[in-house]
Amino acid sequence: MRLVIDPTRCHGHGTCAQLLDEYIRLDKWHYPIVGKQKVSAGHADLLMRAAQLCPELAISIVDD
Amino acid sequence: MIESVSASIMAPTGPRRLSLGWESAHRPSPSGRVAFVSDLSPRPRLVMPLAEHVAGYGRLPSGLTMRMALDTLRASNLTGRGGAGFPFWKKLQAVATAESRKSPVVIANGSESEPLSKKDTLLLKNNPHLVLDGISMIAGLLGAKSAYLYVKDREAHTAVNAAMRERRERGISELRVTVVEAPAGYVSGQETAVVRRIAKGPALPQFSLDRISTSGVRGAPTLLSNVETFAQVAIVLRFGADWYQQGGQGSDRGTRLLTLVGAVGRPGVYELLPGATLAELLREADAGDPRAVLVGGYFGRWVDLGTPNSTNFPMDDQTLAERKLSFGAGIFGVVGHDTCPVVEAAAITEYLAGQSAGQCGPCMHGLPEISTAMARIALSSDVERGMHDLRAVIPLVEHRGGCQHPDGVIQLVRSTVGAFAEEVKLHRSGRCTARGSHTSVLLPPGATVAAGAVVR
């Protein structure tokens with residue numbers, strides 16, 4: 001699984017980076033930089049929560 | 001009416017250049033490969049009547065199948081004329097093979113949101129029938145139920161409406177093309193912004209996991225290309241790839257339009273035959289002894305004319321690519337010795353930073369920082385820090401926007417500090433090669449930038 005963030009929606013709240021700190025870091029303006037690695041199956045619940053809790057609903061989960 | 005299919009895509013007998021209809025306005029260069037078509041305020045007085053259009057180009061080919069069209073377009077090497085330069089046949093194939101229950105949508109983009117470009121407006125004002133031919137052919141091949149023409153210029157809008165009325169009156173039965181007005185703004189012509197506007201949304205870029213070829217306007221497979229591309233399609237599918245590539249008798253074959261601006265005696269829209277060199281173009285435009293050319297538009301790359309063999313190459317897609325250049329939006333911006341190309345680039349960067357849609361954080365915050373860094377370098381106010389800031393900020397912006405805007409700016413910035421490394425070095429010691437004032441020759445008319453006022 002991967003997460004994809006819609007940059008036009010993201011307002012840099014940073015919720016995703018708190019939940020998924022292994023995969024996401026914030027740039028100096030507090031916008032998320034998503035790492036290249038896939039999200040492991042063990043973190044699927046976290047990923048779902050991040051997508052649900054994003055205040056801008058900017059996160060999509062892609063299965064590949 | 002041309003009966004057999006093979007005949008319909010073979011070379012015809014009439015004149016075939018894109019600019020047909022203004023042959024009298026042309027003064028071809030001695031080489032015959034560069035022709036001045038219009039100044040930068042193209043007037044609509046030369047609109048070609050439909051009868052003359054059909055007499056010159058012939059009727060639309062009949063019996064054309066998608067397979068034949070794809071083969072012909074592929075063999076012609078026709079690439080998009082809006083900026084990305086993507087092979088048109090691939091785009092058509094992607095839409096033709098998209099799995100969707102919705103009928104495809106065809107959009108011709110004539111918004112010309114690159115403010116220095118005039119070629120598309122000229123084409124729409126003077127030769128709207130050729131663009132409509134292309135839209136009609138492609139919509140027909142795809143079985144599209146909707147086709148749109150996205151236009152900003154008011155006179156172009158009028159010319160297109162008149163041409164469509166003429167076609168209706170002459171009983172040409174074809175899909176009705178809806179003209180949609182493009183609002184002002186640099187990003188309003190970005191692919192996804194156009195798609196959004198056509199669906200009655202704001203003309204702002206949007207993010208999608210899908211390409212528009214599979215899911216564009218209201219989820220329908222969408223083919224969007226520049227208006228000149230559609231005009232070229234109408235020529236290629238009439239006269240065939242062989243003619244388009246090699247020409248029939250004489251030097252008559254496929255051409256391309258470009259807009260030449262900046263420090264030249266004759267700025268305007270030019271038409272090129274393949275093989276025309278940059279030197280021929282500059283000579284034709286009375287460029288004198290220019291310093292540099294920005295090739296492709298604001299997202300383009302520089303040619304430093306101070307380097308050897310910098311103009312003596314044919315301007316075709318392949319040769320340009322070998323030189324890490326591209327036609328881009330078909331704009332050539334010439335800078336003379338009065339101004340400094342680094343200052344020009346800094347002014348353009350500042351203008352473009354102001355044109356961000358403000359939707360994506362890295363673009364909204366990063367471009368002003370890149371612009372400030374460019375101003376430091378351009379105005380010799382801490383060049384060291386400017387270069388350092390560029391190295392730090394560019395990785396935070398690149399590939400992180402929802403559209404091509406930030407990456408286009410970065411391409412310009414990289415090309416500037418690369419092509420003019422010696423100039424940047426001079427700036428470090430507070431010097432500059434510019435002989436005159438720093439008045440920009442490449443900013444859009446009426447645009448105001450602080451020109452470095454951000455650096456104190």
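Work out the mean other chain Cβ neighbour count within 10 Å for the residues of B:359-369 and drop it here as an integer.
Taking all residues of B:359-369 together, the mean is 4.
Principal-axis analysis of the Cα atoms of chain B puts helix B:405-419 at an angle of about 60° to the longest axis. Considering chain B at the alpha-carbon level, its Rg and Dmax are found to be 22.1, 72 Å.
Computed extension length for residue A:43-residue A:64: 6.0 nm, one decimal, from 0.36 nm per residue of separation with the Cα-Cα distance subtracted.
Simple rule: put +1 on each Lys or Arg Cβ and -1 on each Asp or Glu Cβ in the protein assembly as shown, find the dipole, and look at B:274, B:68, B:140; the Cα lying farthest toward the positive end is B:140.
Let me make sure I get this right: for chain A, a, b and c are the square roots of the gyration tensor eigenvalues over alpha carbons, sorted descending. Under 1.5 in a/c it's rounded, otherwise prolate if a/b > b/c, else oblate. Which is it? Could the numbers behind the result be given before it?
Working: a/c = 1.61, a/b = 1.40, b/c = 1.15.
Prolate, because a/c is 1.5 or more and a/b exceeds b/c.
Non-local lysine pairs in the protein assembly as shown, meaning eight or more places apart or on different chains, with alpha-carbon distances under 14 Å, amount to 4. Separation of segment B:239-309 from segment B:133-174 is 29 Å, based on Cα centroids.
Counting Cβ atoms of other protein chains within 10 Å of each Cβ in B:206-216 and taking the mean gives 2.
For segment B:267-325, with only Lys/Arg (+1) and Asp/Glu (-1) charged at the beta-carbon, what is the dipole magnitude about the Cα centre, in debye rounded to 20? If you can, show how the numbers build up before the last one.
Numbers: 5 positive and 9 negative charges, 53 e Å.
Dipole of segment B:267-325, to the nearest 20 debye: 260 debye.
Between 0 and 90 degrees, the angle of helix A:44-53 with respect to the longest Cα principal axis of chain A falls at about 30 degrees.
Quick check for me: using +1 on Lys/Arg Cβ and -1 on Asp/Glu Cβ, what's the dipole size of chain B about its Cα centre, in debye to the nearest 20? Before the final figure, lay out each step's value.
On the way: 49 positive and 41 negative charges, 174 e Å.
Roughly 840 debye for chain B.
Remark: segment B:130-143, residue by residue, has Karplus-estimated 3J(HN,Hα) of 5, 5, 5, 4, x, 4, 4, 5, 5, 4, x, 4, 7, x Hz, where x stands for each Gly or Pro and the curve is 6.51 cos²θ - 1.76 cosθ + 1.60 at θ = phi - 60°.
Amide H contacts under 5 Å for residue B:337: B:291, restricted to partners 5 or more places along the chain or on a different chain, H placed in the peptide plane at 1.01 Å from N.
Using alpha-carbon pairs under 8 Å, 6+ residues apart, how would you state the relative contact order of segment B:341-428 in percent?
On the way: 110 pairs, mean separation 30.4, N = 88.
So the answer I get is 35 percent.
Phi-derived couplings, Karplus 6.51 cos²θ - 1.76 cosθ + 1.60 at θ = phi - 60°, listed residue by residue for segment B:145-154: 9, 10, 9, 10, 10, 9, 9, 9, 5, 5 Hz, with x used for Gly and Pro.
When N is the residue count of segment B:89-182, what does its C-alpha Rg come to as a fraction of 2.2 N^0.38 Å?
On the way: Rg = 13.7 Å, N = 94, 2.2 N^0.38 = 12.4 Å.
Relative to the rule-of-thumb radius for its length, segment B:89-182 sits at 1.11.
Extension gain residue B:384-residue B:429, at 0.36 nm per residue separation less the Cα-Cα distance, in nm? Kindly include the intermediate steps, with their values, before the conclusion.
Numbers: separation 45, 0.36 × 45 = 16.20 nm, distance 1.05 nm.
Stretched out fully, the residue B:384 to residue B:429 stretch lengthens by 15.2 nm.
Let me check against my output: what whole-number percent is the relative contact order of chain A, with C-alpha pairs under 8 Å and at least 6 apart?
48 percent
Report, to the nearest 10°, how far helix B:66-76 tilts away from the longest principal axis of the Cα atoms in chain B, using its own Cα long axis and a range of 0 to 90°. It is inclined by approximately 40 degrees. Round to a whole angstrom and tell me the spacing of the C-alpha centers of segment B:321-338 and segment B:177-203. When both Cα centres are located, 27 Å separates them. The residue list A:10, A:62, A:50 was ranked by how far each Cα lies along the charge dipole of segment A:2-62 toward its positive end, using unit charges on Cβ atoms, and A:62 comes out on top.
Suppose every K and R has +1 on its Cβ and every D and E has -1 on its Cβ; what is the size of the dipole of segment B:41-246 about the Cα centre, in Debye to the nearest 20? Walk me through the intermediate numbers first.
On the way: 27 positive and 17 negative charges, 80 e Å.
About 380 debye.
Can you give me the relative contact order of chain B as a percent, contacts being Cα pairs under 8 Å and 6 or more apart? That works out to 17 percent.
Read-outs: derived from the displayed coordinates by stated rules, not from any lab. Everything numeric in this text was worked out from a predicted model, so none of it was measured. FYI the Cβ positions are ideal-geometry reconstructions off the backbone, even for glycines, and counts take in every protein chain you see.
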